[in-house]
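Before any comments, here is the structure.
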Amino acid sequence: MSSIETIEMTPARSKGRRLAKLAAPALLLSLTVGGLGLAGTAHATEVPSCSTLPGQTCPATPGVSGSAAQPSAIPRGIQAALNYWRQLHWPNFRNIAPRGAAFEVENYVDRNGNHIHGWVESGGQYYDNGGALINFMHHGLAGAGAQNYQGAFQEYYGSVYNSNPATTNIRTGNFRIVRALGTGDVWVSIDHYSSFRYVGRP
């Protein structure tokens, strides 16, 4: 059975380090923090332009499926990471989750004597290049109170890794999670932001 015992945050490619401790409900967070500067690059791909074909209308938000009335199913491969981010109370770039912040969420010995480790990693601020998510919200497709949203988004890698991805340079894959900080609306992507599925406010 997995448990979150300690969370070590290690922003990638930082030199200076300081140690901070922080208490949260049901969690003891042990944070190793290196420079908390924000990444200046965006990781979203441009949303393809929508060309209207005869007899068809262009969707309000190309590349985004689901709605508040009918949220998309969460892909199985992303569910575990999403559960951990929720248990961590959605850290974000404004506090302790800049790009490359890694959190240890599993650290236990299983019944066969194997030492199990699990890590999740933050992507920092998500800039929504192309405006797919903000347009989705402005068209009233997200939850209540989101139609006039002007706030920021946070990105999270959507996998659980068996070693610290910030220090071991393992491949992080294409699964991503994006959350609107002001409303809690969440989208997932299985193809590194080429398309999104709106999954509600988990």
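Observations on the model:
- Net charge of Cβ neighbours under 15 Å - reference residue 182; Lys, Arg +1; Asp, Glu -1: +1
- Karplus-derived 3J(HN,Hα), 6.51/-1.76/1.60, for each residue of region 147-159, Hz, glycine and proline x: 5, 10, 4, 10, x, 9, 10, 10, 10, 9, 6, x, 10
- Fraction of accessible area attributable to carbon and sulfur, region 141-202 (%, probe 1.4 Å): 43 percent
- Note on residue 108 and residue 171: with the Förster distance fixed at 35 Å, the Cβ-Cβ geometry gives a FRET efficiency of about 0.90.
- Pairs of Cα atoms farther than 26 Å apart, region 57-202, %: 24 percent
- FRET efficiency, residue 69 to residue 162 (Cβ-Cβ, R0 35 Å, nearest 0.05): 0.40
- Between residue 150 and residue 194, the modelled labels are 3.5 nm apart [label points 7 Å from Cα along Cα→Cβ].
- Region 66-110, accessible surface, carbon-and-sulfur percent (1.4 angstrom probe): 46 percent
- Rolling a 1.4 Å probe across the protein heavy atoms gives region 47-200 an accessible surface of 46 Å² per residue.
The values are calculated or read from the model by the stated rules, or taken from the named source; none is laboratory data. Given the structure is predicted, the values throughout are model-derived calculations rather than measurements. Heads up, the Cβs are rebuilt from the backbone with ideal geometry, glycines too, and the neighbour counts pull from every protein chain shown. For the accessible areas, the whole protein counts, side chains as well, though only heavy atoms, and no ligand, DNA or RNA atoms are used. Shrake-Rupley method; radii C 1.70, N 1.55, O 1.52, S 1.80 Å.
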